[in-house]
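S.K.: If you scroll down you'll find the structure; I have some questions about it.
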Amino acid sequence: MALSYLIGKCQCIDENCLEQQYAICPHCHLWLCLKHTCNHQKLVKIYAHELSDQTDQLVKVFDTLTVDQIYTDCQQKLDLWKNQMITIINTKYQESSKQLFDFNMQLLLEFNKFKQDSLNELQNEIAIPLCDMLTKQNQIHPSILDDINIKLTKIQTAIDKIKQLLFIQIDCGNAQLNGDIQILKDSLSDYVVRMPTFDIEQLNQQPTKKFALKSNYIAAAASDQFILAYDHPSLVLFDCEKELNRVKLNNNEAEVYDLCWSNTMCAFLILTLRSLYVYDPLSSGLKQIEQIKLTDAENIWSITTYQNDLFICYLSGECIIECRSLPSWQKLRRWKKNDICDKDDVYIHCIRANEVFIGMTIKQVNKTWKFGIFDHQMSKIRQIQIDQQIDHINTCMLTPICSQKWLTVNSSLRKISFIDEDNNQIKQINKNVNNGFYFGDQLFVLRTTDGLEFYEL
Ligand SMILES: [Zn+2]
Ligand SMILES: [Zn+2]
């Protein structure tokens with residue numbers, strides 16, 4: 001069988017292509033021929049142009065965008081409401097005024113009649129009979145006086161009511177406007193694109209969960225789903241609920257110094273002083289990488305990945321940093337100590353990558369630690385002295401938090417330091433832990449002297 005038959009056909013879905021597969025396309029994740037790989041690159045470029053146009057448009061919008069219209073619009077609505085309410089009030093006022101006027105006319109007529117009738121009664125029905133009783137009669141019967149008293153009381157009651165203004169009453173208290181005016185404000189700051197916040201003080205709270213480990217070691221790392229921790233002499237795999245598996249390196253002498261997750265390999269990379277292993281959490285397969293062969297003088301101490309690049313940090317030997325390509329493990333580039341370190345730097349203990357930078361914890365001749373930031377080509381960006389305290393032991397782990405924020409964990413000084421390059425500030429808490437890392441976006445895990453502690457951020 002000719003060799004060409006062993007290579008599959010292009011998987012392009014747009015046309016039935018008979019060419020052989022050449023590369024996996026990062027845009028559609030299909031195996032494509034060279035022509036279609038290039039065609040798809042054109043699609044990716046069109047997409048990039050669209051995003052670029054959209055970005056330009058959004059930038060342009062800000063030339064004319066203001067919030068003034070919001071105020072004008074609300075003021076107009078308030079004014080409209082005022083005018084409507086004034087119209088309603090005026091109508092009600094006029095209707096009620098007319099009713100009041102009519103009632104008053106009725107009352108005037110009633111009053112004139114009442115006055116006339118009452119004066120007649122007082123004069124003819126009460127004053128004259130009383131005068132006769134007092135001047136012409138010898139005896140007065142009390143029942144006649146009782147009748148007079150009833151008549152007087154009736155007139156007096158009506159007069160009191162007139163004096164108390166009770167004949168027409170108006171109650172404006174129940175004439176409410178139609179409900180309250182509600183003015184609500186939404187916060188524009190909720191729409192500002194924000195970096196996730198990390199507050200180091202949260203690591204001083206009680207952990208939400210704890211997994212026990214038997215030994216006091218440093219190496220531990222997490223993928224989105226799994227945590228792998230070194231518990232001498234085993235590697236222990238956890239998910240967010242429980243311990244899943246324990247595996248031993250076939251070389252019993254070797255201690256694990258560092259661990260990291262590789263998205264390219266979909267596996268954990270495990271580093272001992274002289275070799276590198278991959279561990280697939282789904283198959284539980286543990287395999288030594290034959291391509292990593294060290295000379296007798298070489299020892300390795302820390303690893304990190306960024307996309308398809310693997311950075312290996314050497315404790316001793318000819319080079320101090322080496323970059324290899326994943327998944328082939330091909331050597332891409334090596335840097336000597338002089339390329340990276342200052343003359344007072346002794347060694348690099350921990351190397352970590354975020355989306356933009358490579359960070360390293362560097363031990364100096366005076367036994368203090370500093371933090372170095374490099375780009376992915378190892379050009380120096382900045383160096384920050386973490387602490388002035390002398391540390392006789394050799395561990396200072398590093399964790400990227402976001403593009404300009406890092407955490408160092410120093411188990412011998414029992415300190416966690418939060419380094420914020422944005423404002424050049426370092427915030428420290430005292431805590432006896434060995435290592436720390438994110439597990440998903442919300443959980444932060446600390447490797448303590450006897451286990452893993454989970455903190456919700
Ligand atoms: Zn594609
Ligand atoms: Zn094709």
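S.K.: Helix-only mean residue ellipticity at 222 nm, the chain, DSSP H runs n ≥ 4 weighted -39,500 (n - 2.57), per residue, nearest 500. What is it? Please report the intermediate quantities before stating the final value.
M.R.: Numbers: 5 runs with 118 residues, N = 457.
Rounded to the nearest 500, it is -9000 deg cm²/dmol.
S.K.: If you average the C-alpha positions of the stretch 72-99 and of the stretch 1-59 separately, how far apart do those two centres end up, in angstrom?
M.R.: For the stretch 72-99 versus the stretch 1-59, the Cα centre distance is 67 Å.
S.K.: Report, ordered by chain and residue number, the lysines lying within cross-link reach of LYS209, taken as a straight Cα distance under 19 Å and ignoring same-chain residues fewer than 8 apart.
M.R.: Cross-link targets: LYS242, LYS431.
S.K.: Oh, and also: Quick check on the stretch 95-163: take the gyration tensor over C-alpha atoms, sort the square-rooted eigenvalues as a ≥ b ≥ c, and tell me if it's rounded (a/c under 1.5), prolate or oblate. Don't skip to the answer; put the middle values down first.
M.R.: Values: a/c = 5.75, a/b = 3.14, b/c = 1.83.
It comes out prolate by the Cα gyration axes.
S.K.: Provide the three semi-axes, in whole Å and in decreasing order, of the ellipsoid equivalent to the stretch 220-305 as defined by the square roots of 5 times the Cα gyration tensor eigenvalues. Kindly include the intermediate steps, with their values, before the conclusion.
M.R.: Details: eigenvalues 93, 38, 24 Å².
Calculated on Cα positions only, the semi-axes equal 22, 14, 11 Å.
S.K.: In debye, nearest 20: dipole of the chain around its Cα centre with unit charges on the Cβ of K, R (+) and D, E (-)?
M.R.: My answer is approximately 1120 debye.
S.K.: If you take every residue apart from ILE373 with its C-beta less than 11 Å away from the C-beta of ILE373, what net charge results, scoring Lys and Arg +1 and Asp and Glu -1? Mind dumping the intermediate values first?
M.R.: Working: positive: ARG352, LYS370, LYS380, ARG382; negative: ASP375, GLU421.
Neighbour charge sum, excluding ILE373 itself: +2.
S.K.: Okay, next question. Against the longest alpha carbon principal axis of the chain, how many degrees, from 0 to 90 and to the nearest 10, is the axis of helix 34-64 turned?
M.R.: Approximately 40 degrees, to the nearest 10.
S.K.: Which of SER411, SER328 comes first, and how do the rest follow, when ranked by fewest Cβ neighbours within 10 Å?
M.R.: Values: SER411 22, SER328 10.
Ranked by crowding around the Cβ, least crowded first: SER328, SER411.
S.K.: If you don't mind, there's one more thing I want to ask. Could you tally the net charge around TYR347, taking each other residue with its Cβ under 11 Å from the Cβ of TYR347, Lys/Arg +1 and Asp/Glu -1?
M.R.: Values: positive: LYS337, LYS363; negative: ASP345.
Summing Lys and Arg as +1 and Asp and Glu as -1 gives +1.
S.K.: Okay, moving on. Please say if the stretch 361-457 is rounded, prolate or oblate, where rounded means a/c under 1.5 for a ≥ b ≥ c the square roots of the C-alpha gyration tensor eigenvalues, and otherwise the choice is prolate for a/b larger than b/c and oblate otherwise?
M.R.: Since a/c reaches 1.5 but b/c is at least a/b, the shape of the stretch 361-457 is classed as oblate.
S.K.: Taking K and R as +1 and D and E as -1, what net charge do the other residues with C-beta under 11 Å from the C-beta of PHE167 add up to?
M.R.: On the way: positive: LYS161, LYS163; negative: GLU110.
Summing Lys/Arg as +1 and Asp/Glu as -1 gives +1.
S.K.: In degrees between 0 and 90, to the nearest 10, how far off the longest principal axis of the chain does helix 142-163 point, with axes built from Cα atoms?
M.R.: Helix 142-163 sits roughly 40 degrees off the main axis of the chain.
S.K.: Would you mind calculating the relative contact order of the stretch 3-62 from Cα pairs under 8 angstrom and at least 6 residues apart, reporting the percent as a whole number?
M.R.: Working: 56 pairs, mean separation 13.0, N = 60.
It comes to 22 percent, rounded to a whole number.
S.K.: To make sure I understand the rule: partners must be lysines, Cα under 17 Å from the Cα of LYS185, and not fewer than 8 residues away in the same chain. Which ones qualify?
M.R.: LYS77
S.K.: Taking neighbour Cβ counts within 10 Å as the exposure measure, how do ASP344, ASP387 sort from fewest upward? Walk me through the numbers before you get to the answer.
M.R.: On the way: ASP344 12, ASP387 18.
Result, fewest neighbours first: ASP344, ASP387.
S.K.: OK, next. Cα atoms only: what Rg and Dmax, in Å, come out for the stretch 200-456?
M.R.: 17.1, 47
S.K.: With just the Cα atoms defining each centre, how far is the stretch 425-454 from the stretch 197-261? Give it in Å.
M.R.: 11
S.K.: Hey, another quick one. Suppose we keep just the alpha-carbon trace of the stretch 3-62; what are its Rg and Dmax in angstrom?
M.R.: Here Rg and the maximum Cα pair distance are 16.2, 60 Å.
S.K.: Test of understanding: ordering ARG382, ARG352 by Cβ neighbours within 10 Å, fewest first, what list do you get? Walk me through the numbers before you get to the answer.
M.R.: On the way: ARG382 11, ARG352 26.
Sorted ascending by nearby Cβ count, the order is ARG382, ARG352.
S.K.: State log₁₀ I(q)/I(0) for the stretch 147-298 at q = 0.16, 0.18, 0.19, 0.20 Å⁻¹ as given by the Debye formula over alpha-carbon point scatterers of equal weight, solvent excluded.
M.R.: -1.00, -1.12, -1.18, -1.25
S.K.: Then there's this: Students often check this: by mean Cβ neighbours within 10 Å, which of 414-427, 298-311, 7-20, 214-227 ranks highest, and how do the rest follow? Intermediate values should be presented prior to the final figure.
M.R.: Numbers: 414-427: 15.7, 298-311: 20.2, 7-20: 12.9, 214-227: 18.6.
For the peptides 414-427, 298-311, 7-20, 214-227, the packing ranking is 298-311, 214-227, 414-427, 7-20.
S.K.: In percent, how large is the relative contact order of the chain, given Cα pairs closer than 8 Å and 6 or more residues apart?
M.R.: About 9 percent, as a whole number.
S.K.: Checking the cross-link filter: which aspartates and glutamates have an alpha carbon closer than 13 Å to that of LYS113, excluding same-chain neighbours under 8 positions apart?
M.R.: GLU121
S.K.: May I ask you to derive the relative contact order of the stretch 207-278, considering only C-alpha pairs under 8 Å and at least 6 residues apart, and to give it as an integer percent?
M.R.: Across the stretch 207-278, relative contact order equals 22 percent.
S.K.: Please compute the Cα-Cα pair-distance distribution of the chain with 10 Å bins starting at 0, giving whole percents from short to long.
M.R.: Histogramming the chain at 10 Å steps yields 3, 13, 17, 14, 10, 7, 5, 5, 5, 5, 5, 5, 3, 2, 0, 0 percent.
S.K.: Right, next: What angle, in degrees between 0 and 90 and rounded to the nearest 10, separates the Cα long axis of helix 68-120 from the longest principal axis of the Cα atoms of the chain?
M.R.: 20
S.K.: Ok, one more. For a quick protection proxy, order the peptides 109-122, 436-449 by their average other-Cβ count within 10 Å, most packed first.
M.R.: Numbers: 109-122: 11.9, 436-449: 18.9.
Ranked by mean Cβ neighbours within 10 Å, highest first: 436-449, 109-122.
Where a number appears in this text, it was derived from the coordinates with a stated rule and is not lab data. Small disclaimer: the values here were computed from a predicted structure and weren't measured. Glycine also receives a Cβ, built like all others from the backbone with ideal geometry; neighbour counts cover every protein chain displayed.
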